[in-house]
1. Each label point is 7 Å from the Cα along the Cα-to-Cβ direction; what then is the distance between the points at ARG401 and HIS372, in nm?
2. Assuming R0 = 51 Å, what is the FRET efficiency of MET1 and LYS466, from their Cβ-Cβ distance, to the nearest 0.05?
3. Take every Cα pair under 8 Å in the chain that's 6+ residues apart, average their separations, divide by the length, and report that relative contact order as a whole percent.
4. From the phi angles alone, apply the Karplus equation (6.51, -1.76, 1.60; θ = phi - 60°) to region 536-541 and give each ³J(HN,Hα) in whole Hz, x where the residue is Gly or Pro.
5. R0 = 22 Å: FRET efficiency of LEU34 with LYS285, Cβ-based, nearest 0.05?
6. Quick check on packing: order 72-82, 309-319, 275-285 by the mean number of other C-beta atoms within 10 Å, highest mean leading.
7. Could you work out [θ]222 nm for the chain from helices alone, using -39500 (n - 2.57) per DSSP H run of at least four and dividing by all its residues? Round to the nearest 500 deg cm²/dmol.
8. So if each residue of separation counts as 0.36 nm, and I subtract the Cα-Cα distance between LYS384 and GLN59, what length gain in nm does that give?
Amino acid sequence: MIKKENSIKNKNYQFDLCIIGSGHAALPVAIRLLNKNIKICLIPGGSFSISNKLQETYQGKSNIVNNSLDKHRLRVIGGTSKIWGGRCIPFKKIDFEKRNYAKNSGWPISYNSLKKYYSDAATYLDIGEAEFSSNSLITKNKFLIDGFVNDEVITDEIEKFSLPTDFSKKFASQLNDENNIYLFDNSSVIEIVYKNNSTVCKVNCKTVSGTNFSITAKNYVLAAGGIENARLLLHKFNFSKKYSCGNKYNNVGRYFMTHFSGIIAKIKFNNDVDINNKYEFCKNKIYSRRRISISHNSQRKNKILNFSAFLHHSPIEDSSHKNGILSLIFLLKNLRYFSHRIPPEYSKRLSNDTFSIRCYLTHIKNVVFNLHRIIPKVIMLSKKRFFDKRKLPSIIIDSERNEFYIHYHVEHEPLRSNYVSLINEVDCFGLKKTHVNLKPSKNDIKSIIKSHNIIDKELRKQKKGKLFFINSDSRNLILSQIGFGGHLIGTTRMSNDYKNGVVNKDCKVFEIDNLYIAGSSVFPTGGEANPALTIVALSLRLADHLSKKYYYNE
């Protein structure tokens, strides 16, 4: 049931469970607990449409130049599920392991304890079965690189793509019709109130129009996102030092991670090697794509972090590619619809670099000279990319010379020195805004370069091709592409003990009896996989834990 903003009164409302948020982490908890005789409220932080006033609350600062804190986050019902790209793949067993070469690695739960939730998470995200082997593809091709089978470099894994599913639409009927779920439209939590430093007694809230109200519940789930979860905890901690707010050992906001991503090399395959670089289908016509990764044994042997990559076209800003489609994308990059969907490493580079008039003219020339070819393609791609229910995830351009750039997407080592903190500037609710400090470690840089070297070695060994670094200074090229956007990880990390984390293995805040946290902020490590599937799986696991807690209490 949706409680409209104009019907919200200046009073206290009582529920069994209060969920703060409405995106990938929040809504699965609520939906999973339907029909459990639990009265639930959702404080979504916004409404169904984007509000510039609310979006400004996500603004902040960072040590990373030209990296916006609000560009890839939306303060609306559904959260970033409204703009995500749809890529899904689970974490691997190695991501949960304690690795002596990866600082602060290891989860307090096992891969197997989460594995059973991936199937249900796949249903929530509309990707069919939770099967990610190329054997699940229904297309005839059986390879990414013809004849390449290797123990060091893996090419038989696939990523599967959601519609992409917008949770505000997928669960619209439940939000509107269910009597035991109340969504307080256009409202935000502005303070978590504690009692005796061991219990949350209520949360104070406010609508955009200015109505103050509060929620009292038996339990609370903070699921507002990787930065906002830490921000709300730090707000009360900084305001009144007598409450620990999960921050007794100064771990809230620490260990901030993202995924480092970019291009530092390209592969020239031998002319007789067939390359299958395109989207394929799993059952029910679910878009899937093959990728390159480094085997677990090779990671351990070489003491490197987790790594994945896919074959990629020329950078769109480089007009020398002479491709009309790529030039058209470059010219459209500043439109809001596209800018929110450009990955952070591209967004940073495209906004950071100053392009000359000559550059724009060359791109226009590429479009005009290829107009007769690109018009049919644009019509076809527009239908698949924007109008089909299950959308084409991205545009893949064929290579005429059997030469591809390699776009990496890698694990980021969790370090205390990477953090989210509060600054003196406040938003419209009076909450302090945030500063993000992010710096890759030597291990991060080494792992990226070493992974490329492993791929090169194995390609040459099997006489399939060669990898070339595109710049003699790969380290600085990596650093120039560092950015963060939708993958905000680790700021309220899960741990076996309070000294090293914020929540326990059940996602409950240490020493607080009734406060839980959901989302990628609880991940102790980030792996190389996009986080959405694991976020949903962890939220379903949390919902089951809460269901048992209510059952036993009753």
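1. The modelled label-to-label distance comes out at 2.6 nm.
2. Numbers: r = 61 Å, r/R0 = 1.20.
Computed FRET efficiency for MET1 and LYS466: 0.25.
3. Numbers: 1222 pairs, mean separation 143.6, N = 554.
With pairs under 8 Å counted, the relative contact order is 26 percent.
4. Listing the rounded values in order: 5, 4, 5, 5, 5, 4 Hz.
5. Details: r = 29 Å, r/R0 = 1.32.
So the FRET efficiency works out to roughly 0.15.
6. Numbers: 72-82: 24.8, 309-319: 20.3, 275-285: 15.1.
Highest mean packing first, the order is 72-82, 309-319, 275-285.
7. Numbers: 16 runs with 154 residues, N = 554.
Value at 222 nm, helices only: -8000 deg cm²/dmol.
8. Details: separation 325, 0.36 × 325 = 117.00 nm, distance 3.31 nm.
That pair, LYS384 and GLN59, stretches by 113.7 nm at full extension.
A short reminder: the numbers here are calculations on the coordinates, not readings from a lab. Bear in mind that the values here come from a model prediction, so they are computed numbers and not experimental data. As a convention, Cβ positions derive from the backbone with ideal geometry for all residues, glycine included, and neighbour counts pool all protein chains shown.
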